[in-house]
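Peer 1: I'd like to ask you about the structure that follows.
Just so it is clear, none of the values below were taken in a lab; they were calculated from the coordinates. Note that this is a predicted model, so its numbers are computed, not measured. Because the Cβ atoms are built from the backbone with ideal geometry, glycine has one as well, and the counts that use them run over all protein chains shown.
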Amino acid sequence: MAEFQEISKLSALHPKPAGLVLQYGTSGFRTNAKQLDHIMFRMGLLATVRSKKTKATIGVMVTASHNPEEDNGVKLVDPMGEMVTQDWEEHATQLANADQEDLLTALKNIIEKEAINMSQEANVFVGKDTRSSSASLSQAVLDGVSALGGHSKDYGLVTTPQLHYMVCCQNTQGKYGEATVEGYYTKFCQAFIQLTKNTSNRTDDQKHLCLDGANGIGALKVREMESHLKKELQISLNNDGSKGRLNHQCGADYVKVQQKPPTGAHRINPGERCCSFDGDADRIVYYYTDSEGTFHLLDGDKMATLISTFLKELLTQAGLDLKIAVVQTAYANGSSTHYLENTMKVLVRCTKTGVKHLHHVAQEFDVGVYFEANGHGTVLFSKAAEEKIQQLAEDTNVNDERKKAALLLRNTINVINQTVGDAISDMLLIEAILAIKGMTIQQWDTIYTDLPNRQLKVKVADRRVIDTTDAERRAVTPAGLQEAIDNLVKKYRQARSFVRPSGTEDVVRVYAEADTQESADALAHEVSLAVY
Ligand code: 16G
Ligand code: ZN
């Protein structure tokens with residue numbers, strides 16, 4: 001076929017460094033930007049083939065999220081805006097690691113295995129973050145698409161969740177919204193304004209939010225969006241990219257792991273409500289400092305709790321019998337799980353780390369709220385749940401209370417980006433809930449008290465010797481490790497600890513929680529010694 005000759009020629013312009021082996025990990029390929037040109041070209045090829053296979057538009061996002069500026073990465077987005085399926089992750093790894101002269105064979109193998117009709121049309125949406133390497137790398141993706149005769153649309157600078165949204169809109173013929181950045185702002189901001197419209201006693205304080213944009217794409221996009229919010233939310237934007245470096249001592253990951261406010265922000269007043277996005281705006285955490293200057297973090301678990309409580313109350317008021325569950329990972333603070341299960345009486349499920357795992361489990365319920373403690377999460381509504389809510393909202397024979405709850409639920413659905421965790425959409429949802437409940441960030445924080453915890457990372461010769469089970473909460477190998485952890489945990493009160501190999505870095509991660517910070521720190525330290 002003519003296009004294969006073309007690929008040979010063009011791929012030579014994006015040569016693979018000899019001996020380099022990379023894997024499509026938890027969030028795609030991610031490493032130093034200098035090593036990624038050939039990967040980008042090849043992901044352009046693969047997205048084109050995937051589009052032919054699914055007969056739908058596929059997304060390719062160039063970003064390394066919260067990683068340092070010099071890194072970059074790429075991930076593929078499937079037709080409904082979700083992460084690409086596992087078997088295609090394997091294809092991606094195969095294609096990425098084929099030596100230059102074997103590239104065509106590797107590509108043909110995938111085409112054959114998947115029985116691709118090569119005459120099928122292909123469409124690929126491409127987006128990128130603000131890294132200086134992103135422009136040429138996303139061009140390499142576009143080159144890959146055109147080498148196989150696919151059509152592409154370059155969205156340029158967008159957040160990761162915006163690209164997921166575009167793909168979903170495109171493949172659902174606009175039912176999810178309009179596949180433009182403008183369409184995105186219109187959809188989510190309108191829903192936000194509807195939700196907050198009858199909260200007339202909302203004070204100026206409640207309308208004001210301090211945001212750390214991590215010097216990344218989220219900051220740019222919030223600026224673009226502001227006018228759509230009609231002053232119903234007034235955002236003081238720090239780390240907007242005009243001075244500081246991307247993710248450097250700021251952003252959601254820094255704030256969560258360091259448990260302190262970002263640098264580069266204005267002096268935070270006691271009680272002021274603040275939040276941080278990560279470098280591609282698919283994560284958000286909230287925080288404030290109290291009058292004594294103590295820092296309080298409200299992470300993904302606190303968001304999951306607030307959101308699921310809000311939704312459960314509305315479902316009860318609406319008289320809708322829909323099954324709601326919260327999906328967490330091993331990192332979820334023990335207090336949050338305890339509160340959800342025992343006080344809220346909400347079903348809680350635990351999965352392996354990585355959005356695709358949480359997303360998958362959340363799909364099993366009518367309403368599935370999923371959040372990683374690091375601040376990545378969203379809510380999924382089943383089709384049946386959406387239909388029931390819609391019917392009730394339109395029903396003229398129901399009492400006022402049920403009707404009001406149904407209308408709030410409908411607007412809540414519209415403010416949520418169901419394709420993936422989205423810092424902008426999560427921010428609007430949390431702000432709306434706080435406004436409706438007339439709640440301050442301190443009141444939200446006191447719903448339950450986090451157990452003190454500590455995360456550490458340990459460098460080992462080969463992190464793959466650690467294999468885990470039970471949603472990463474127990475180590476199966478190496479022999480004796482889990483017994484050692486169990487014995488250490490027994491020394492402390494309300495303690496829990498686990499280790500897992502990172503999916504994004506060459507390290508082993510250690511998590512510990514206990515009744516005091518000293519105990520959590522000591523336990524994390526002792527467990528990290530046991531890992532060696
Ligand atoms: C990726 C995942 C994130 C997960 C993190 C764990 C996506 C989009 N992102 O950033 O969900 O928490 O990896 O990293 O899936 P780790 O394996 O290095 O701890
Ligand atoms: Zn991210």
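Peer 1: How do VAL510, VAL255, VAL326 rank when sorted from fewest to most other Cβ atoms within 10 Å of their own Cβ?
Peer 2: VAL510, VAL255, VAL326
Peer 1: Using only the Cα atoms, work out Rg/Rh for the chain, with Rh taken as the Kirkwood radius, to two decimals.
Peer 2: So for the chain, dividing Rg by the Kirkwood Rh gives 0.97.
Peer 1: Taking amide H positions as placed in the peptide plane 1.01 Å from N, state which residues far from GLY81 in sequence (5 or more) or on other chains have amide H under 5 Å from it.
Peer 2: For GLY81, the qualifying residues are CYS168.
Peer 1: Still on this structure, I have one more. Below 11 angstrom from the Cβ of GLN259, what's the summed charge of the other residues (Lys, Arg +1; Asp, Glu -1)?
Peer 2: Spelling it out: positives minus negatives among the neighbours equals +1.
Peer 1: Follow-up. Find the relative contact order for the chain and round it to a whole percent, using C-alpha pairs within less than 8 Å whose residues are 6+ positions apart.
Peer 2: Relative CO of the chain lands at 12 percent.
Peer 1: Can you sort HIS357, HIS208 from fewest to most other Cβ atoms within 10 Å of each residue's own Cβ?
Peer 2: Ranked by crowding around the Cβ, least crowded first: HIS208, HIS357.
Peer 1: Output the lone cysteines of the chain: those with no second cysteine's C-beta under 4.7 Å from their C-beta.
Peer 2: That list is CYS168, CYS169, CYS189, CYS250, CYS275, CYS350.
Peer 1: Please report the spacing between the Cα centers of the range 149-189 and the range 375-446 in Å, no decimals.
Peer 2: With the range 149-189 and the range 375-446 each reduced to a Cα centre, they are spaced 22 Å.
Peer 1: Something else: What ranking, highest mean first, results for peptides 100-110, 54-64, 30-40 when packing means the other Cβ atoms within 10 Å averaged over each residue?
Peer 2: The densest-packed peptide leads the list: 54-64, 30-40, 100-110.
Peer 1: In whole Å, how far is the Cα centre of the range 237-295 from that of the range 303-324?
Peer 2: 29 Å
Peer 1: Another question about this same structure. Please list 3J(HN,Hα) in residue order for the range 119-135, calculated via the Karplus relation 6.51 cos²θ - 1.76 cosθ + 1.60 where θ = phi - 60°; whole Hz, with x for glycine and proline.
Peer 2: 7, 5, 5, 10, 10, 10, 9, 10, x, 8, 8, 8, 4, 5, 7, 5, 4
Peer 1: Just to check, using Stokes-Einstein with a Kirkwood Rh over alpha carbon pairs, what's the diffusion coefficient of the range 453-531 at 25 °C and 0.890 mPa s in µm²/s?
Peer 2: Once the numbers are plugged in, D ends up at 200 µm²/s.
Peer 1: Once amide H atoms are placed 1.01 Å from N in the peptide plane, what residues at a sequence separation of 5 or more from ASP71, or on another chain, have their amide H within under 5 Å of its amide H?
Peer 2: ALA33
Peer 1: Moving to a separate point now. How would you rank 437-443, 293-299, highest first, on the average number of other Cβ atoms within 10 Å across their residues?
Peer 2: 293-299, 437-443
Peer 1: Follow-up. What is the calculated FRET efficiency for GLU341 to ARG474, with r their C-beta to C-beta distance and R₀ = 25 Å, to the nearest 0.05?
Peer 2: 0.80
Peer 1: What is the sum of charges, Lys and Arg at +1 and Asp and Glu at -1, for the other residues whose Cβ falls under 13 Å from the Cβ of HIS359?
Peer 2: Neighbour charge sum, excluding HIS359 itself: -3.
Peer 1: What is the order of SER8, SER335, fewest Cβ neighbours within 10 Å to most?
Peer 2: SER8, SER335
Peer 1: Now for a separate question. Near the amide H of ASN123, under 5 Å away, which other amide H atoms are found, from residues 5 or more places off or on another chain, if H is placed in the peptide plane?
Peer 2: Amide H neighbours of ASN123: ILE58, HIS151.
Peer 1: I've got another one for you. With unit charges on the beta carbon (Lys/Arg positive, Asp/Glu negative), name the residue among VAL398, ALA115, ALA318 whose Cα is farthest towards the positive pole of the charge dipole of the chain.
Peer 2: Of the options given, the answer is VAL398.
Peer 1: So for each of 383-395, 423-435, 164-176 I average, over its residues, the number of other beta carbons within 10 Å; can you give me the resulting order with the highest mean first?
Peer 2: 423-435, 164-176, 383-395
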